[in-house]
Every structure is written in structure tokens, then in C-alpha cells.
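S.K.: This is the structure I want to talk about, given as C-alpha cells.
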Amino acid sequence: MFRNSGNFENLGVGTYIINVQDQNNCTTSASHSIVALYPRLEIHTTVSHVSCFGGNDGSITAMVTGGSGPFQYQWQPIAANAPVITNLLPGEYRLAVADTKGCTITTTTSITGPQRALNMTLATTPVCYDRTNGTISATASGGTPPYQYSSNGLIFQTDAQLALGAGNYEVHVVDANGCSTTSSAVVETRNNRPHPNFLIATSRNTSDTLTLVDISTPKPDSIHWKFDPSLVIVNPNSSNPTLKLGQPGNYDVTMTGYFEGCYYSVTKQLNVDPYDPLTENEKLPGYKPIQTLTASPNPTNGILTVQVGLSKAYRLTLDIFNTLGSRLYSKQWAAVNGVSERIDLTSAPTGVYLLRVVTDSDAREMRFVINK
């Protein structure tokens, strides 16, 4: 389309062909290029997001290229006119930039942050009696994973389980952004030591079948047995396993009892002799190595005499426990046919007590009363 004026306005960068026509329809043409005096305006932003939930440490740094400086900056929704804005909350921020020639450009940048506050819950396992193996198990959430944990605020670890002795602790958790929180926990000590024990005839003969009997105080939550590979397990019952004895020799049997997270072990040695027909009577039903057990007087003021009668010479252990399972008295004999033992418990308070006597293959219990 031809026009009467030779002025062309509002043209962008590019090459243009201009055609001229006179009244006789004669034409000619020429080309001309329009170039930009300054490069195109561009905004490049560097973002630092909010570190901790509820924080305002976000920032945006804008770098402008092209155009004709110096530049004017206008941020929204905050009132700022510098290329760097700080102390920002999570959200969107719009920047408009204008150069000295009136050229403008806009951009929008998002600041993000943790969706939930850093939080930590703690669970403790008490220190087992005469051990130092208490634990604090931490569970962190919120913030920015991964987390690190510390029981003193100085030495941190990625493992959420802290192995500690008894005491009061201030547990620290730090997330990937350096945000932290603390929580208190108490690792307690168990007051009573459980006493794992089991009955086993320490001297038996080949071809015998032997049943182990748990007599622990208190009863364990679970039991694990460890046997010599030469022993054949006939019945794997955890409380009373049965073994078949093969070749003569000495074999270790270990029982580990688990008591509310604590575990204790006891090992006894089994001596397997060649087959002996003279021991057959000990295998008869109803045979009891412990024939009699008495404690007198009962009730007592704390002084009592314990008498134990045995069918023949056996190793013997005598224990006395209170109702909490704490052992107050213990004595062992290597090989006796019976005992008469005077025991002084005058320091014990009034209450009910358990008397237990144990041989290699038998156990007997009775209760007595201390009355002051």
C-alpha cells in the first residue's frame, strides 16, 4: 500500500524495502536497515530461599544486561528500588526495570521455604542394670531433611539413635538449612538386675535325651539358646528345648534372656560321658534330686535356718529374692548330699520373700515371711 508521506514511524529493528511510485506509475525501490543502539534488556535473578519455617531470610539479587544504564528498579509487593532485596518471606515478587531510553522489562520471582516447622519426638530405653547401654531414639519432621542429631549440641551424627548412659539430656536436631530445635529426655537406670538361669544336668551319658528348663527370675520376655553344633535339637521350644546327646565330650550351653529391652546371658558346661546303665534310675518319671526343702521359723524376724535334703551329692545353689526380683542372698556348694544353713536377713524389711534351691537338674522354691 502506497502513501503520500515518506515518513514511517514506530518501526522495530529490521530491514525494510521502500517502494516509490510517481503519477505515471513508474516505480523504484531501495532498502534500509534499522538497528538497535543498545542490546535487548534482560533480567537475571539469583534467589536465596527462606531457611526455616516462619523465617524471613529470603533474598533476590537482580542483574540487568542490555539497555542503556543506569537502570531504575521497582519491586512489588514491597516498596524497594534497588537490585537486591532481603528479609523476604515466602511468596512472589515482581520487578520492573526501566533504562534511560524508556525501555522496560518485568519479571516475577518466587521465594519458597519449609512447609512445616522443624519438630522432634524422643523415645528412651533405660540403662540395663550394671550396663551403660541406654538409648534415646529421635524422630525429626518438618524443616528441610536430612537431619543430624546431638546429645550435647557439639558433636552431631546422622544416626537418629543415640547411645548414652543414665542421665538428663538436651537433644539437638539440625536440618539441612541449619535450623535447629531441642527437646529434653531422661535415660533412667533399671533398679533390678534380672537373673537368667536354667536347669541342666551337667553330667549325662550318650544316647540320653535332655530337656533344659528356664528358671529365670523374673521370667524373660524371650529366650535365645546357643548350643554346640554336636548337640542334636529334638524340640526347639524356646523355654524348654530338648537335646539328644551324641558323642562323649564337654559342651557349652548358653541361654540369653531378654527383659524389657535388656539382655543377660548365662553359660553352663554339659559333660557327656559314655553310656552308663547305673544312671538309668535318674531317668525314671518322678525322680527328684531335691528331696526336701524347709525354712524355719516361718514367719521369722530375719533369722532362719534353711535345710535341703538331696538324693545324692549334687552341686547346689541357694538364692533368696524379694518381690521385686532383687537377689538378697546367694550361696553355692560344689557337691553336697544336703545342707543346713543359718541365714541372717535382719536388715531386710517386713515382707514376703522367695527361697530357691537349684541343682544341675532340679529346682525347688518356697516363700517365707519376715515379720518385725
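The values are calculated or read from the model by the stated rules, or taken from the named source; none is laboratory data. All of these numbers come straight from a predicted model, not from anything done at the bench. Cβ placement follows ideal geometry from the backbone for every residue including glycine, while neighbour counts extend to all protein chains displayed.
S.K.: In the list Cys103, Cys52, which residue meets the criterion of being surrounded by 15 or more Cβ atoms within 10 Å (Cβ to Cβ), in contact (Cβ under 8 Å) with a residue 60 or more places away in the chain and either in contact with a helix residue (DSSP H, G or I) (Cβ under 6 Å, 6 or more places away or on another chain) or farther than 30 Å from Thr139 by Cα (or both)?
M.R.: Cys103
S.K.: Hey, among the residues in the range 111-121 that are in a strand (DSSP E or B) and surrounded by 17 or more Cβ atoms within 10 Å (Cβ to Cβ), which one's farthest from the chain's Cα centre (by Cα)?
M.R.: By that ranking, first place goes to Ile111.
S.K.: Which condition does Ile155 not pass, out of (1) surrounded by 12 or more Cβ atoms within 10 Å (Cβ to Cβ); (2) on the phi < 0 side of the Ramachandran plot; (3) assigned to a loop (DSSP other than H, G, I, E, B), if it passes all the others?
M.R.: Among (1) surrounded by 12 or more Cβ atoms within 10 Å (Cβ to Cβ); (2) on the phi < 0 side of the Ramachandran plot; (3) assigned to a loop (DSSP other than H, G, I, E, B), the lone unmet condition for Ile155 is (1).
S.K.: Return the only residue of Ser183, Ser150 being in contact (Cβ under 8 Å) with a residue 40 or more places away in the chain and either closer than 21 Å to Thr125 by Cα or of a type outside the set (A, V, I, L, M, F, W, C) (or both).
M.R.: So the residue among Ser183, Ser150 that is in contact (Cβ under 8 Å) with a residue 40 or more places away in the chain and either closer than 21 Å to Thr125 by Cα or of a type outside the set (A, V, I, L, M, F, W, C) (or both) is Ser183.
S.K.: Here is a further query. Answer with yes or no whether Asn25 is more than 30 Å from Thr144 (Cβ to Cβ), not acidic (Asp, Glu) and not assigned by TED's automatic domain parsing to the domain that holds Ser180. Spell out how you get there, then give the answer.
M.R.: Details: more than 30 Å from Thr144 (Cβ to Cβ): yes; not acidic (Asp, Glu): yes; not assigned by TED's automatic domain parsing to the domain that holds Ser180: yes.
The answer is yes for Asn25.
S.K.: Can you give me the ranges of the strands (runs of 3 or more DSSP E) entirely in the range 41-110 with at least 3 residues that are among the polar types (S, T, N, Q) and under 30 Å from Gly178 (Cα atoms)?
M.R.: Ranges flagged: 42-48.
S.K.: Can you pull out the residues in the range 316-372 that are under 44 Å from the mean Cα position of the chain (by Cα) and basic (Lys, Arg)?
M.R.: Hits for the range 316-372 are Arg327, Lys331, Arg356, Arg364, Arg367.
S.K.: Condition first: under 17 Å from Ile215 (Cβ atoms) and loosely packed, with under 13 Cβ neighbours inside 10 Å. Now tell me which residues in the range 324-339 satisfy that.
M.R.: Once the filter is applied, which keeps residues that are under 17 Å from Ile215 (Cβ atoms) and loosely packed, with under 13 Cβ neighbours inside 10 Å, the range 324-339 yields Ser330, Gln332.
S.K.: Where residues in the range 122-137 are polar (S, T, N, Q) and in a strand (DSSP E or B), which of them is modelled with the highest pLDDT?
M.R.: Filtering first and then ranking leaves Ser137.
S.K.: Take Thr359 and tell me if it is under 25 Å from Lys288 (Cβ atoms), of a type in the set (S, T, N, Q) and buried (at least 18 other Cβ atoms within 10 Å of the Cβ). Lay out the reasoning, then the answer.
M.R.: Details: under 25 Å from Lys288 (Cβ atoms): yes; of a type in the set (S, T, N, Q): yes; buried (at least 18 other Cβ atoms within 10 Å of the Cβ): yes.
For Thr359, the condition - under 25 Å from Lys288 (Cβ atoms), of a type in the set (S, T, N, Q) and buried (at least 18 other Cβ atoms within 10 Å of the Cβ) - is met.
S.K.: In the range 37-49, is there at least one residue being surrounded by 13 or more Cβ atoms within 10 Å (Cβ to Cβ), among the small types (Gly, Ala, Ser) and out of contact with any helix residue (DSSP H, G or I) (no Cβ under 6 Å at 6 or more places or on another chain)?
M.R.: Yes: the range 37-49 contains one or more residues that are surrounded by 13 or more Cβ atoms within 10 Å (Cβ to Cβ), among the small types (Gly, Ala, Ser) and out of contact with any helix residue (DSSP H, G or I) (no Cβ under 6 Å at 6 or more places or on another chain).
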